[in-house]
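Some notes on the structure that comes next.
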Amino acid sequence: MTTAPASGPIKRIGVLTGGGDCPGLNAVIRAVTRRAILGYGWEVVGIEDGFQGVYEKRARALDLPSVRELLTRGGTILGSSNRANPFAYPIKRADGSEEVRDVSDQCLQNIRDLGVEALVVVGGDGSMTMAQGLYEKGLRVVGVPKTIDNDLAATDYTFGFNTAVEVATEAIDRLHTTAESHDRIILCEVMGRYAGWIAMASGLAGGADVILLPEIPYQIDRIVDAVKRRTASGVTYSIFVVAEGAKPAGGDVAVLRAGDKTQQERLGGAAERLARELESRIEYEMRVTVLGHIQRGGTPTAFDRLLGTRYGVHAVDLIAQSGFGRVVNLRGNDIGSAPIIDACRKIKLIDPAGQLCATARAVGVELGAP
Ligand code: F6P
């Protein structure tokens, strides 16, 4: 089945949220809805559970009352799905086993059946790759970049990151007092699969002694030496911030569950593994705190509400200007846009030789490698 590109004036748009949730998604949904209705007189349809709702044709009308009181609300009122990919969709067979199928043509048909003439896809790298694929098959689509990891190269900041950093920094502040009281090393594991933006930002803001990033494989000897130096200077506790994607030099990431064709591997245990490795080499008692999804849940910060609102409004304006196949972004203080393809599989990493790492080292933080 081939799909003719949609054309003609817009009367109804759709919005969906895909991938892992993050604080600020509801601000985007609210802004998209309000801008479309108030600015252009369009109808808005919210597709439920990301691309799963596209495949299952599950959607609901969004009007002004339905997006009231959303700015403070975490998560996404539309729901999301991590596994639903139109190009590799997991279908359950009668015997309970799963097969993976390309259902993209069905998804495009469903979008037409819903009367959706242009779609706003709010998501990370995975959702943007799906959006790009559907765009290439004729869908009128614009993207809004989202991930607490802040690792999309297409934008300076994704919403959700700021909230995650605030949550992690508050946790680190709290860990300081208990670590000090008990003369312990506390290792705080934060999210960040490929990029250590949350670890670096919260670690610097929270005054961590050791910050370990996916970008810098760590040498255990350097960490032991850093602890010894601190002890020699009379300080008998330390705080380590460990990104979930941190790995030892020559080693691999800590994985809780392997990935497959429809889902990525589940990371976890990087801090615990390091604590076990250090046990025999230093005298300190150690404790591990894994912040996990606490970083993703709850009320977004003002920064993320504002960024989500700006993104949502600009995404609708892009549709009005026929800027299909583009993703909204933030460069400096300005909202603009880039081709969606720029948000697919182009990860923004911390430069080990860059300014942020230099700043960390300048204030005495051990990053695990020179
Ligand atoms: O990509 C954002 C992220 O929060 C990663 O930091 C983390 O590895 C992943 O999502 C966790 O995903 P899930 O909620 O599916 O376990």
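The values are calculated or read from the model by the stated rules, or taken from the named source; none is laboratory data. Everything quoted here is computed from the prediction, not taken from an experiment. Cβ: placed from backbone, ideal geometry, glycine included. Neighbour counts: every protein chain shown. Note: accessible area is taken over every heavy atom of the protein model, side chains too, but ligands, DNA and RNA are not part of it. Shrake-Rupley method; radii C 1.70, N 1.55, O 1.52, S 1.80 Å.
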Of the residues that sit in region 282-314 and are among the charged types (D, E, K, R) and under 25 Å from L267 (Cβ atoms), which one is surrounded by the most Cβ atoms within 10 Å (Cβ to Cβ)? D304
Going by the structure shown, is E180 modelled with pLDDT of 95 or more, outside any strand (DSSP E or B) and over 22 Å from P300 (Cα atoms)? yes
Quick check on region 317-353: of everything there that is of a type in the set (K, R) and over 16 Å from the mean Cα position of the chain (by Cα), which residue is nearest to A246 (Cα to Cα)? R331
Output the number of residues of region 240-267 satisfying the condition of being touching a residue at least 40 places away in the same chain (Cβ under 8 Å), buried (at least 19 other Cβ atoms within 10 Å of the Cβ), away from the ligand (no atom under 11 Å from the Cβ) and in a loop (DSSP other than H, G, I, E, B). 1
Look through region 192-218, keep the residues that are within 16 Å of R296 (Cβ to Cβ) and free of Cβ contacts under 8 Å to residues at least 60 places away in the same chain, and return whichever of them is surrounded by the fewest Cβ atoms within 10 Å (Cβ to Cβ). A201
From (1) open to solvent by less than 60 Å² (accessible area, probe 1.4 Å); (2) touching a Cys at 6+ places or on another chain (Cβ under 9 Å), pick out the condition that doesn't hold for Y55. (1)
Of all residues making up region 311-350, the number that are of a type in the set (A, V, I, L, M) and in a loop (DSSP other than H, G, I, E, B): 2
Note on D221: of the conditions (1) under 30 Å from P86 (Cα atoms); (2) more than 15 Å from the ligand (Cβ to nearest atom), unmet is (1)
Filter region 291-310 for residues that are within 15 Å of the ligand (Cβ to nearest atom) and in a loop (DSSP other than H, G, I, E, B); which is farthest from S80 (Cα to Cα)? L291
If I ask for residues that are part of a helix (DSSP H, G or I) and of a type outside the set (A, V, I, L, M), which ones from region 117-166 would you list? D125, G126, S127, T129, Q132, G133, Y135, E136, F161, N162, T163, E166
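Residues checked against (1) loosely packed, with under 15 Cβ neighbours inside 10 Å; (2) not small (G, A, S):
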| residue | (1), (2) |
| --- | --- |
| P65 | yes, yes |
| T76 | no, yes |
| N85 | no, yes |
| Q106 | no, yes |
| A118 | no, no |
| V122 | no, yes |
| M130 | no, yes |
| G133 | no, no |
| K137 | no, yes |
In region 145-157, residue surrounded by the fewest Cβ atoms within 10 Å (Cβ to Cβ) [restricted to those that are under 19 Å from T76 (Cα atoms) and near the ligand (Cβ under 10 Å from one of its atoms)]: N150
Can you work out which of the residues in region 166-200 that are touching a Phe, Trp or Tyr at 6+ places or on another chain (Cβ under 8 Å) and within 15 Å of the ligand (Cβ to nearest atom) is farthest from F240 (Cα to Cα)? W197
Count of residues meeting criterion [outside any loop (DSSP other than H, G, I, E, B) and either modelled with pLDDT under 95 or crowded, with 16+ Cβ neighbours inside 10 Å (or both)] in region 357-368: 3
